[in-house]
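Enquirer: Please see the structure below; I have some questions.
The values are calculated or read from the model by the stated rules, or taken from the named source; none is laboratory data. Being a predicted model, the structure only gives us computed values, none of them experimental. Here Cβ is always computed from backbone atoms with ideal geometry, including for glycine, and neighbour counts include all displayed protein chains. Calculation scope for accessible area: heavy atoms of the full protein, side chains included, ligands and nucleic acids excluded. Shrake-Rupley method; radii C 1.70, N 1.55, O 1.52, S 1.80 Å.
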Amino acid sequence: MNQKLENQIISVAYGDANIWQKIKIMFLAKKNKDVAKLLSEYSKTAESVKKLTVNFPDGILENLNVQPSKTKPVKSSMAPAFSFILNRPVLSAATVTAVLVIVLVLLFSGRSQNNYGYTEAQIKLADKQVKQTLALVSNVFNETERTLEKDVFVNKVGRPLSQSVEIVNNLFNGGSRNEKLN
Amino acid sequence: MKNLIKLTIALLLLSGFTMFAQNQDEDYSKYPGYVNFGDLSVFEKGDEVTEVLIDQNLLKMVAKFTKGKEDSSNALSNLIGGLKLIRVNTFKVSPSSKGELLSKVKLIEKDLKKKKWERMVKAKSKGEITNIFVKTDNNSDKIIGLTIMSIDKSGEASFVNIVGNIDMETIGKLSNKFDIPGLDSLNNK
């Protein structure tokens with residue numbers, strides 16, 4: 001028997017061992033007579049030690065200079081409110097229900113309003129207005145293009161240009177006729 | 001430690017509220033593509049008045065709403081998703097206040113030129129005027145703002161400002177493909 005095992009037997013006998021050590025020693029005690037004997041002896045000693053009463057001499061406790069701890073106990077300002085609610089089952093159940101209802105309402109209202117607080121009708125109207133605005137922009141550009149092609153190029157540029165060419169042609173034709181005449 | 005937790009929660013709540021408030025009331029004047037037309041209500045005559053103001057959040061929602069299986073739907077969705085603000089004012093202007101409105105248009109033109117907007121179109125004939133300005137990004141040459149100011153013969157005035165990434169090619173392609181209702185239906189909202 002080694003020192004480690006003996007220490008474990010002492011711990012079990014004095015009740016300091018954990019559950020696994022207790023099981024291990026009980027198991028060994030059943031198998032090994034020496035272990036069982038040692039455990040029995042230490043258990044008896046432990047029982048007699050527990051029965052001992054300690055009497056301090058008069059005034060020894062008073063003479064002890066114990067400094068009180070400087071750290072103040074932390075007490076939350078919300079503690080009375082929490083204890084008030086938690087000590088009443090009906091109130092705590094009502095609080096949990098109220099919190100659940102608020103969470104559900106917030107979730108569903110957020111979903112129906114599409115996160116930005118707009119209703120489906122508002123989005124549909126905005127969709128229509130956006131398309132109409134884009135159409136307006138497109139129309140202005142198309143109208144400008146049409147004006148440029150039909151009015152500016154044809155009437156303001158093409159016609160004077162063709163008239164000028166015609167005048168030049170006439171001049172040349174007239175000139176050649178004059179040359180022939182000369 | 002507990003005080004630290006309380007402070008952190010308070011800061012988180014505060015930042016959450018601030019972000020919410022910012023989203024609700026964003027200052028669009030910080031975007032270079034934004035144009036302030038000022039108060040146009042003084043020129044509006046009769047009931048034929050259309051005011052459209054669609055902000056970034058609503059545009060994002062519309063982009064989601066528009067997204068479909070077709071490529072053209074996705075192109076439109078991407079186009080709308082890139083926009084930050086759409087503002088449209090169309091109204092009938094009375095002949096008496098037409099001159100005043102034209103002066104206002106000239107002032108806005110000057111302001112836009114100062115802010116280095118590029119004029120794409122200026123058409124002026126027989127009582128009609130059309131001005132199209134674009135603002136391009138200095139780094140990428142992308143169009144980040146579009147402004148249209150137009151007054152036709154009948155006195156129909158249109159002021160449009162689109163802020164964000166504007167793909168003119170996609171607008172041109174999609175307007176034909178989607179058969180989007182035009183100017184006439186804009187008034188019948």
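Enquirer: Restricting to region B:103-135, what's the tally of residues that are open to solvent by less than 90 Å² (accessible area, probe 1.4 Å), farther than 10 Å from residue B:149 by Cα and part of a helix (DSSP H, G or I)?
Expert: Number satisfying all stated conditions: 4.
Enquirer: What single numbered condition from (1) at pLDDT below 85; (2) under 19 Å from residue B:163 (Cβ atoms); (3) more than 9 Å from every other protein chain (Cβ to nearest Cβ) fails to hold for residue B:73?
Expert: Only one criterion is unmet by residue B:73, namely (2).
Enquirer: I would also like to ask the following. Looking only at region B:30-59, how many residues end up being assigned to a helix (DSSP H, G or I), open to solvent by 50 Å² or more (accessible area, probe 1.4 Å) and touching a strand residue (DSSP E or B) at 6+ places or on another chain (Cβ under 6 Å)?
Expert: 0
Enquirer: Next up: Please work out which residue is modelled with the highest pLDDT, limiting yourself to region A:96-153 and to residues that are assigned to a helix (DSSP H, G or I) and hydroxyl-bearing (Ser, Thr, Tyr).
Expert: Among them, the one singled out is A:97.
Enquirer: Out of all the residues in region B:76-91, which are away from chain A (no Cβ under 12 Å) and surrounded by 19 or more Cβ atoms within 10 Å (Cβ to Cβ)?
Expert: Within region B:76-91, B:84, B:91 qualify.
Enquirer: A further question on this structure: Looking at B:150, B:72, B:94, can you tell me which residue is of a type in the set (S, T, N, Q), open to solvent by less than 30 Å² (accessible area, probe 1.4 Å), touching a residue at least 40 places away in the same chain (Cβ under 8 Å) and within 30 Å of residue A:127 (Cα to Cα)?
Expert: Testing whether each residue is of a type in the set (S, T, N, Q), open to solvent by less than 30 Å² (accessible area, probe 1.4 Å), touching a residue at least 40 places away in the same chain (Cβ under 8 Å) and within 30 Å of residue A:127 (Cα to Cα) leaves just B:72.
Enquirer: Now a separate question. Among the residues of region B:84-104, what is the count of those that are of a type outside the set (S, T, N, Q) and closer than 16 Å to residue B:153 by Cα?
Expert: Count: 9.
Enquirer: If you don't mind, there's one more thing I want to ask. For residue A:52, state whether it is at pLDDT below 75, more than 43 Å from the chain's Cα centre (by Cα) and open to solvent by 70 Å² or more (accessible area, probe 1.4 Å).
Expert: Against the criterion (at pLDDT below 75, more than 43 Å from the chain's Cα centre (by Cα) and open to solvent by 70 Å² or more (accessible area, probe 1.4 Å)), residue A:52 does not qualify.
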